[in-house]
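K.L.:
Attaching a single structure in structure tokens format; questions to follow.
Coordinate-derived values only; no laboratory data. Values in this document were obtained by computation on a predicted structure and should not be read as measured data. Quick reminder, even Gly has a Cβ in these numbers, built from the backbone with ideal geometry, and neighbours come from all protein chains shown.
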Amino acid sequence: MMVLPAFALLGATAFLGSASLRLRGLAASLLAAYLLAAAEVVGLTLALSPFHAVAAPGYVAGEALVGAVVLLVWHRLGRPLPSRPALERRMLARHPLLLTLGLVVGLTLLFELFLAVVAPPNNWDSMTYHLARAAA
């Protein structure tokens with residue numbers, strides 16, 4: 001159950017770190033958050049590995065430390081927030097196909113999330129090796 005706080009801390013530090021960069025545009029902020037999250041995971045793994053602490057408690061402790069540093073930097077920079085995209089309703093009214101595409105993509109992502117949560121793994125690898133080892 002320690003994985004959920006670690007993921008929450010990872011997301012918060014990546015969000016605050018990207019906001020501290022004061023990038024223009026949502027895409028740049030999201031890309032920076034993604035890169036910071038990946039760098040945190042790799043960096044923590046490299047830092048925890050010599051101590052054989054690569055596990056959920058080690059990640060939570062490391063994320064708490066990284067989160068405290070990022071929170072301090074974010075606060076000293078004046079608590080900046082990432083810029084939000086300006087979406088005009090008139091633009092959506094002029095381009096209904098764009099709105100339809102957005103709805104289809106959103107519904108598809110929701111369906112994929114539903115399948116990932118509800119459906120058990122049923123490919124060759126999980127059926128022949130991983131599940132057999134877990135049951136042994």
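K.L.:
Would you confirm, using the coordinates I've provided, whether residue 73 is β-branched (Val, Ile, Thr) and surrounded by 11 or more Cβ atoms within 10 Å (Cβ to Cβ)?
P.N.:
In short, yes.
K.L.:
Anything in region 1-19 that is more than 21 Å from residue 87 (Cβ to Cβ), among the small types (Gly, Ala, Ser), surrounded by fewer than 21 Cβ atoms within 10 Å (Cβ to Cβ) and touching a residue at least 12 places away in the same chain (Cβ under 8 Å)? List them, or say none.
P.N.:
The answer is 6, 11, 12.
K.L.:
While we're on this one: Of all residues in region 7-31, count the ones that are over 11 Å from the mean Cα position of the chain (by Cα) and not polar (S, T, N, Q).
P.N.:
Qualifying residue count, region 7-31: 11.
K.L.:
Checking the structure you have, find out if any residue of region 65-72 is of a type in the set (Val, Ile, Thr) and touching a helix residue (DSSP H, G or I) at 6+ places or on another chain (Cβ under 6 Å).
P.N.:
yes
K.L.:
For region 20-50, enumerate the residues that are closer than 15 Å to residue 82 by Cα and surrounded by 19 or more Cβ atoms within 10 Å (Cβ to Cβ).
P.N.:
20, 29, 32, 33, 36 - these are the residues of region 20-50 that are closer than 15 Å to residue 82 by Cα and surrounded by 19 or more Cβ atoms within 10 Å (Cβ to Cβ).
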